[in-house]
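Q: My questions all concern the structure below.
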Amino acid sequence: MTETIARSDAGPTGDIPTRRLFIAGEWVDTVSGRTFESRNPADSRDVVGHFQAGSAADVGMAVKAAEMAFPAWRATPAPKRGEILYRTGQLMAEHKERLARALTREMGKVIAEARGDVQEGIDIAFLMGGEGRRMFGDTVPSELPDKWAMSIRQPIGIAGIITPWNFPIAIPCWKMMPALVAGNTVVFKPASDTPHCATLLVELMAEAGFPPGTVNLVTGSGSDVGDPIVDSPDVAVISFTGHSANGKLIAARAGRRLKRLSLELGGKNAIAVLRDADLDLAVEGILWSAFGTTGQRCTACSRVVVEEPVVDALLTRLEARARALRIGDGQEEATEVGPLINEPAVEKVESYIEIGRAEAELVTGGRRATGEGLSDGHYFEPTIFTGVHPMDRIGQEEIFGPVLSVIPVADYEAAVTAVNQVRYGLSASIYTRDVNAAFRAMRDFETGIVYVNAGTTGAETHLPFGGWKETGNGHREAGHAALDTYTEWKSIYVDFSGRLQKAQIDNQPG
Ligand code: NAP
């Protein structure tokens, strides 16, 4: 470790630190002179830190730094770029517990899931590090003699990375690692609820050896920092994960400049349970998918579509297990459900409880969670509604909290219709012992991810991740598909015949 490495840890009882922006390899204050707080959702008295409220001027400096770093980074051999990613993954692995603890403190998910979030970041760093030695194009035969044809990937330029709070280590890694290995430089704006996680990650990236200006961090609001990144004529590609409504606004802005834009947006994911399913197995998957991360995963299951003959048996098991879930501070290993991210999130969930009471039958939950140690956090009881119609608002709209709708249906066909009858299309699952039904679901579900006899969450980093319909705009994160967002294709023809050869004209009959 060198003297230039700053670490931004502080215990809950230590001095409250003020963090900085990272621009051109330096930790600097915002020109706005303003800061904002990040607080622990499990105990809102605990201030995690003060962070720079960045401005358009800071974005301008970060973009300039990224622009200046681009030629040298682009010229660095991809395997060498990959080695720095690999080193980042190693550092993250060495610091996994520290990162996970900080993540739980700032975002609230239980510590086991926080470790998983960090592990996803490590996995993608290693996967993309390896892409430095692959990044395959095609080499194909030419239709003409003495001619070669091939395609290669090249970086686009500066990537604007705008991320949500719910996977505050994994999602920035999903975006920055492919962007960087492909030879782009980045300007990274994290969610205002999780600036500390972003700071810790960028500290490790700096330590891993990314050259100054290659990775720039600008904290601050969507309007003060996000919009200037999207509007900058020098930022060639935007990768955004967040609400569908914000994605549409960003698409309109980016569209004016015909920017490359990758959108990963909302979800309303369903688990279908057929009458022949292993119900105990289904209950495990439903609980994990619906109430893990307090229902705040993009892949969270918020709808269970059940064949009528097994509704009662499933509901009895689900209710008992949901009532028994341990709610509390995610730092405690025994906690199963942590807090929601902030007070507006609690209020949003409460508003959907009212809507749900009017539309369906409340089985359990429906209130802020109270009890010892919960009074200063944003806790909400795991909630189940039954008798939900597929077109009810609680069956259609993304609530992003621990609220599950049980939707009874007559048969497989009705189940598929219900699963697909939403404007989102991220993840869906089916529980059945019927191999034919399982294969039909794999074919019929209109989602980017399908699970069989497993919940709706748990994607692995070497396959493409993303959704159909209003969950996105056709791009994918993770896997080698992620490189499509951050690279331009170049097709190259080498003619060594020594004469003019005309494709589609020479060598044709007649
Ligand atoms: P969000 O409110 O849309 O914010 C996402 C990021 O965009 C934040 O950094 C936010 O900044 C910024 N932002 C907001 N409005 C902006 C604008 N007009 N211009 C530029 N930047 C803007 O979403 P969130 O609450 O953080 O995340 C939850 C949502 O993300 C859910 O809908 C969830 O389904 C979705 N999600 C999707 C995936 C996926 O892969 N499909 C994965 C995870 C989450 P501030 O924080 O400063 O407001």
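The values are calculated or read from the model by the stated rules, or taken from the named source; none is laboratory data. Note that the structure is predicted; figures quoted are calculated from it, not measured. Cβ atoms come from the backbone with ideal geometry, glycine included; neighbour counts cover every protein chain shown. We work out accessible area using only protein heavy atoms, side chains counted, and drop any ligands, DNA or RNA first. Shrake-Rupley method; radii C 1.70, N 1.55, O 1.52, S 1.80 Å.
Q: Using Stokes-Einstein with the Kirkwood hydrodynamic radius over Cα pairs, what translational diffusion coefficient do you get for the range 136-231 at 20 °C and a viscosity of 1.002 mPa s, in µm²/s rounded to a whole number?
A: Answer from the Stokes-Einstein relation: 142 µm²/s.
Q: Additional query: Can you tell me the FRET efficiency between Arg499 and Lys64 if r is taken as the Cβ-Cβ distance and R0 is 45 Å, rounded to the nearest 0.05? It would help to have the intermediate numbers written out before the result.
A: Working: r = 48 Å, r/R0 = 1.07.
So the FRET efficiency works out to roughly 0.40.
Q: What is the local net charge at Glu143, summed over the other residues whose Cβ is closer than 13 Å to its Cβ (Lys, Arg +1; Asp, Glu -1)?
A: With Lys, Arg at +1 and Asp, Glu at -1, the net is -1.
Q: Where the accessible area of the chain is counted over protein heavy atoms with a 1.4 Å probe, how much of it, in %, is carbon and sulfur?
A: About 53 percent, which is the carbon plus sulfur part of the accessible surface.
Q: Would you mind finding the longest exposed-site-free stretch of the chain, with exposed GluC sites (Glu not before Pro) meaning DSSP loop and at most 10 other Cβ atoms within 10 Å?
A: 4-332
Q: Now for a separate question. Report the longest stretch of the chain that contains none of the chymotrypsin sites (Phe, Trp or Tyr not before Pro) sitting in a DSSP loop with at most 11 other Cβ atoms within 10 Å.
A: The answer is 137-495.
Q: Next up: Would you calculate the volume per residue, in Å³, of the smallest convex hull containing every Cα atom of the range 469-510? Intermediate results must be reported in sequence, preceding the final value.
A: On the way: hull volume 7.0 nm³, N = 42.
Each residue corresponds to 168 Å³ of Cα convex hull volume.
Q: Give the long-range amide H neighbours of Tyr431: residues separated by 5 or more places, or on another chain, with amide H under 5 Å away, using H modelled in the peptide plane at 1.01 Å from N.
A: Ala272, Val273, Leu274, Asn453
Q: Something else about it: Contour minus end-to-end for Ala410 and Leu463, with contour as 0.36 nm per residue of separation and end-to-end as the Cα-Cα distance?
A: Extra length available between Ala410 and Leu463 comes to 15.7 nm.
Q: Would you grab the residues whose amide H sits under 5 Å from the one on Arg39? Only those 5+ places off in sequence or on another chain, please, with H modelled 1.01 Å from N.
A: So Arg39 has HN proximity to Val48.
Q: May I ask for the distance between the Cα centers of the range 20-46 and the range 359-409, given as a whole number of Å?
A: 33
Q: Please give, to one decimal in nm, the separation of the simple spin-label points placed at Met391 and Trp489, each 7 Å out from Cα toward the Cβ.
A: With each label placed 7 Å out from Cα toward Cβ, I get 4.1 nm.
Q: Another question, then. Which trypsin sites (Lys or Arg not before Pro) in the range 177-273 pass both tests, a DSSP loop state and at most 15 other beta-carbon atoms within 10 Å?
A: The qualifying sites are Arg257.
Q: Indicate the gyration tensor shape class of the range 194-239 (rounded, prolate or oblate), computed on the Cα atoms with a ≥ b ≥ c the square roots of the eigenvalues: a/c under 1.5 is rounded; otherwise a/b larger than b/c is prolate and the rest oblate.
A: It comes out oblate by the Cα gyration axes.
Q: Roughly speaking, what is the stretch gain from Val452 to Gln508, that is 0.36 nm per residue apart minus the C-alpha to C-alpha distance, in nm to one decimal? Spell out each step's value before the answer.
A: Working: separation 56, 0.36 × 56 = 20.16 nm, distance 5.03 nm.
Between Val452 and Gln508, full extension yields 15.1 nm more.
Q: Taking amide hydrogens as modeled 1.01 Å from N in the peptide plane, which residues meet the under 5 Å criterion relative to Ala300, leaving out close sequence neighbours?
A: HN-HN under 5 Å from Ala300: empty list.
Q: Still on this structure: Based on alpha-carbon atoms only, what is the radius of gyration of the range 1-158 relative to the globular estimate 2.2 N^0.38 Å?
A: 1.39
Q: Glu343 to Arg275: FRET efficiency via 1/(1 + (r/R0)^6), r the Cβ-Cβ distance, R0 30 Å, to the nearest 0.05? Walk me through the numbers before you get to the answer.
A: Details: r = 42 Å, r/R0 = 1.40.
It comes out at approximately 0.10.
Q: Okay, next question. In whole Hz and in residue order, list the ³J(HN,Hα) couplings for the range 271-276 that follow from phi through the Karplus curve 6.51 cos²θ - 1.76 cosθ + 1.60, θ = phi - 60°; x for Gly and Pro.
A: Along the range 271-276, the couplings run 10, 9, 10, 8, 5, 9 Hz.
Q: Can you work out the Karplus-derived ³J(HN,Hα) for every residue in the range 148-164? Use 6.51 cos²θ - 1.76 cosθ + 1.60 with θ = phi - 60°, whole Hz, and x for glycine or proline.
A: 10, 9, 8, 10, 10, 9, 10, x, 8, x, 9, 9, x, 10, 10, 10, x
Q: Another question, if that's okay. Which order do Lys64, Lys96 take when ranked by solvent-accessible area (1.4 Å probe, heavy atoms of all protein chains), largest first?
A: Most to least solvent-accessible, the answer reads Lys64, Lys96.
Q: Same structure, new question: Just the number, please: percent antiparallel of the DSSP beta bridges in the range 68-206, rounded to the nearest 5.
A: 40
Q: Sticking with this structure for a sec: Which FRET efficiency value, to the nearest 0.05, is calculated for Ala24 and Arg134 with the Förster distance at 35 angstrom and r the Cβ-Cβ distance?
A: 0.70
Q: Just give me a number: lysine pairs in the chain, eight or more positions apart or cross-chain, with C-alpha atoms less than 17 Å apart.
A: 10
Q: Where Lys and Arg each count +1 and Asp and Glu each count -1, what net charge lies around Thr335 among other residues with Cβ under 12 Å from its Cβ? Write down the numbers at each step before the final one.
A: Details: positive: Lys109, Arg326; negative: Glu113, Asp329, Glu332, Glu333, Glu336.
Taking every other residue near Thr335 into account, the sum is -3.
Q: Now, a different point. Against the empirical 2.2 N^0.38 Å scaling, what ratio does the C-alpha Rg of the chain come to?
A: 1.03
Q: So, one more: Residue by residue through the range 22-33, what is 3J(HN,Hα) from phi via Karplus (6.51 cos²θ - 1.76 cosθ + 1.60, θ = phi - 60°)? Round to whole Hz and write x for glycine and proline.
A: Karplus-based 3J(HN,Hα) across the range 22-33 equals 10, 9, 6, x, 10, 8, 9, 7, 6, 6, 5, x Hz.
Q: Keeping all protein chains in place, calculate the accessible area per residue for the range 37-137 (probe 1.4 angstrom), answer in Å².
A: For the range 37-137, the per-residue accessible area is 37 Å².
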